Amino acid sequence: MLQLLWESRIQAVAVLLFAVGFTTLLLHRNLIKKVIGLNIMDTAAYLFLTSIGYIPGRLSPIVADGVTDMEAYVNPLPAGLVLTGIVVSVSVTAVMLSLTLRLYRRYHTLNLDEIYRLVYAEQEDV
Amino acid sequence: MAFCLNFPLFLIVLCLISSVVSSVLPARAARIWSLGLSAVSTAANAVLFRYAARTNTAVTYLMGHYPHPWGNELRIGPLEALFSAFFSLVLFLCLLGGRRQLAVKVAPQKQHYYYVMADLVQAALLALVYTNDLFTGYVFIEICTLSSCGLLMIRETGRTILASVRYMIFSLIGSGLFLLGVILLYSITGHLLMPNLKESIGLLWSTGQYHLPLLSSICLICIGLAVKSGLFPFHLWMADTYGAAIPASSGILSGLVSKAYIFFLLKVIFDVFGVDVFYACGIHRLLYVMGAAGIIAGSVGALRENNIFRMIAFSSAAQIGYIYMGIGLSPTVGIEAALFQILAHAVTKPALFLSAGHLSDAAGRSKRFHDLQGAGYKDPFAGVAFTLAAFSMIGLPFTMGFISKYLFGMAALDGSHAKMVPTLLVLAVSTVLNTLYFARTVLRLYNKPQADDYERVRIPAHLSYVTAGIVFMAVNLLLGTLSRPLLDLLLQGVRLF
């Protein structure tokens with residue numbers, strides 16, 4: 001069991017980080033920290049994907065010295081997926097930050113509970 | 001290969017291009033473009049559905065003729081085509097019927113952005129329905145989340161921005177879980193295309209290899225999509241979100257976006273896990289319990305609300321619960337009921353939101369029940385449309401709601417005995433609660449206020465809204481009375497899923 005854990009230590013850490021980011025995103029009241037949590041969560045998923053996609057001793061899949069043997073290279077797909085995922089999380093982060101900015105300019109606080117109280121105290125604009 | 005099999009790819013690409021083009025068009029042109037696009041998409045998908053239902057086949061469409069593992073694939077079957085056509089039609093009607101509200105409530109210089117987002121939502125809906133690749137699914141889930149967030153925050157009030165933040169947080173939690181599930185699945189199988197995944201998962205399940213990772217990835221994917229579609233206990237953002245947005249956005253979000261996630265989940269259940277593995281691993285019991293709890297919690301929440309939009313939003317949570325209860329009940333009749341419920345809800349809920357928008361305008365721009373007194377007289381058409389949709393929600397005969405409740409009842413009797421009694425009980429209780437809160441609203445709409453402060457003001461009807469409302473009512477009544485052909489088609493589609 002312990003040996004298995006040691007062998008897959010990077011994945012274990014990734015899952016742990018995912019849990020940290022997940023709880024921060026869900027439970028923290030500060031909007032900026034929520035965004036940080038979101039980024040930790042996504043990055044943890046990419047760490048997991050990168051770590052399983054890398055095989056020690058193999059090269060990145062670019063044919064350089066005429067070596068065309070498949071065994072010499074790693075599979076390029078996980079890295080491609082990570083890149084796609086990074087693009088997604090960058091755009092999501094940008095939207096979240098812009099929303100946070102809007103709320104901060106309006107209510108001068110980053111605490112979600114406080115904002116909630118202020119928003120529902122004002123007259124609804126139908 | 002028939003030419004019409006190219007339609008899904010063309011439509012998805014066309015929607016993505018249109019969203020870029022719309023961003024530089026004036027609002028009027030962007031609106032016409034967007035409406036035209038959804039009309040074309042409805043027609044093209046209807047043609048495709050006719051072809052697929054007639055040939056009775058589900059075709060795998062290789063993009064650019066690159067086979068696995070280089071290419072990306074779409075999967076085109078009768079069920080996919082039917083749901084795309086339906087979703088495009090509802091989107092068209094939402095945009096058409098919500099036009100007036102949009103013009104009044106959104107700043108003129110920002111209106112064309114609304115149609116950018118609508119085009120993106122449509123691209124995402126089509127891609128989620130048609131894709132045959134799990135990671136493409138993930139990317140379009142995120143596109144769907146971002147663009148529906150755009151539909152929400154187009155109206156810049158404190159409430160809508162706060163609602164968008166809450167919506168984003170729950171959506172991101174859901175897609176984070178989904179992503180981790182997909183990555184786990186990829187790490188144990190090495191595939192992302194659905195047919196290959198299904199083969200590997202079947203093999204892994206029968207040999208018992210990687211049992212724990214497989215189980216956790218199935219759970220993560222199901223829970224992730226359930227959170228995104230607003231299953232109990234993650235339904236609380238709905239009231240804020242649908243309550244604050246403009247009616248067309250509320251209709252699109254509740255009627256289409258959350259349904260597209262559920263349809264994608266069904267696709268994953270059938271094409272990735274395989275029905276046998278999914279029902280063997282026990283996660284359906286969790287979905288069943290949460291669905292049933294969601295029905296009750298949503299109905300009670302709706303009963304306690306004093307704001308018509310928030311009430312409809314809570315009723316949405318209950319309707320989502322029905323769908324998950326159907327998925328949890330049984331792989332045949334339960335799924336059929338769930339699919340019919342998706343269609344029924346997609347027709348009814350946008351009609352309710354659009355009518356409620358017009359009624360609240362007639363009542364002096366208020367969403368409070370107290371001010372809505374007699375609003376049915378001031379805007380007669382909106383009153384009628386609301387009442388009919390409310391009847392469908394309650395499940396009166398000749399509406400789609402009746403058929404869907406009937407199907408759930410049949411599914412309960414068909415399934416295991418352990419689930420029969422609770423299902424029937426939940427159905428009965430929720431019908432009573434539905435009747436209570438919708439009857440209360442309808443009575444309020446047709447209850448004349450005190451004579452002294454009552455002026456008989458008629459709000460002029462808007463052609464675009466009336467057209468959309470008539471189509472919504474016609475589809476609801478038509479499919480509610482002549483449901484047999486549709487049910488046969490659904491069954492045929494499920495067999496080919």
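Details
- Longest site-free stretch - chain B; sites: GluC sites (Glu not before Pro), DSSP loop, at most 15 other Cβ within 10 Å: B:157-454
- The distance from the alpha carbon centre of the range B:368-441 to that of the range A:50-89 is 54 Å, rounded to a whole number.
- Spin-label proximity, B:E199 to the range B:268-294 - amide N less than 17 Å from point 7 Å beyond Cα toward beta carbon: B:271-274
- Options A:P61, B:P26, A:L38, ranked by Cα towards positive dipole end of the protein assembly as shown, top entry (Cβ charges): B:P26
- On Cα atoms only, tilt of B:463-481 relative to the major axis of chain B in degrees: 60
- When B and A come together, around 3700 square angstrom of accessible surface is lost from both chains combined, probe 1.4 Å.
- Heavy-atom accessible area with a 1.4 Å probe sorts B:D361, B:D488, largest first, into B:D488, B:D361.
- Shape category assigned to the protein assembly as shown from the gyration tensor of Cα positions, a/c cut at 1.5: prolate
- For chain B, the longest principal axis of the Cα atoms and the long axis of helix B:111-130 meet at an angle of about 40 degrees.
- Max mean-square fluctuation residue, GNM over chain A, Cα-Cα springs under 10 Å, options A:T84, A:T24, A:T43: A:T84
- Per residue accessible area in Å² of the range B:1-267, where ligands, DNA and RNA are left out and the probe is 1.4 Å: 30
- Comparing A:Y107, A:Y116, A:Y54 in a Gaussian network model of chain A (Cα springs below 10 Å), the most mobile by mean-square fluctuation is A:Y116.
- Straight-distance crosslink candidates among lysines, where the alpha carbon sits under 22 Å from A:K34 and sequence neighbours closer than 8 are dropped: B:K228
- Flagged links, alpha-carbon separation over 32 Å, of B:K198/B:K419; B:K105/B:K378; A:K33/B:K198; B:K259/B:K448: A:K33/B:K198; B:K259/B:K448
- Listed by chain and number, the aspartates and glutamates placed with their C-alpha closer than 16 angstrom to that of B:K367 are A:E122, A:E124, A:D125, B:D240, B:E305, B:D379; residues fewer than eight positions away on the same chain are left out.
- The residues B:H112, B:H191, B:H65, sorted by heavy-atom accessible surface at 1.4 Å with ligands and nucleic acids left out, run B:H65, B:H191, B:H112 from largest to smallest.
- B:T481 contributes an accessible area of around 70 Å² to the protein surface, as traced by a 1.4 Å probe with all chains present.
- Computed from the C-beta positions of B:H370 and B:S216 and an R0 of 56 Å, the FRET efficiency is 0.65 to the nearest 0.05.
- Per atom type, the protein assembly as shown shows carbon and sulfur on 67% of its accessible surface, probed at 1.4 Å.
- By the helix-only formula, in which each DSSP H run with n ≥ 4 contributes -39500 (n - 2.57) and the sum is divided by residues, chain B has a 222 nm mean residue ellipticity of -25500 deg cm²/dmol.
- Legend: helices of chain A (whole DSSP H runs) are marked when their alpha-carbon atoms reach 24 angstrom or more along the helix axis and their mean Kyte-Doolittle hydropathy is at least 0.5; marked are A:9-27, A:31-53, A:77-107.
- At R0 = 25 Å, FRET efficiency that the Cβ-Cβ distance of B:T435 and B:N306 yields, to 0.05: 0.85
- Simple point charges give the picture: +1 on the Cβ of Lys and Arg, -1 on the Cβ of Asp and Glu, and for the protein assembly as shown a dipole about the Cα centre of about 1560 debye.
- With respect to chain B, whose longest principal axis is taken over its alpha-carbon atoms, helix B:134-153 is tilted by about 10°.
- Here the 3J(HN,Hα) profile of the range B:6-14, calculated from phi with Karplus coefficients 6.51, -1.76 and 1.60 at θ = phi - 60°, is 7, 3, x, 4, 4, 5, 4, 5, 4 Hz, Gly and Pro shown as x.
The values are calculated or read from the model by the stated rules, or taken from the named source; none is laboratory data. Quick caveat: nothing in here was measured; it's all calculated off a predicted structure. For neighbour counting, all protein chains shown are included, and Cβ atoms are generated from backbone atoms with ideal geometry for every residue, glycine included. Accessible surface areas use protein heavy atoms only, side chains included; no ligands, DNA or RNA. Shrake-Rupley method; radii C 1.70, N 1.55, O 1.52, S 1.80 Å.
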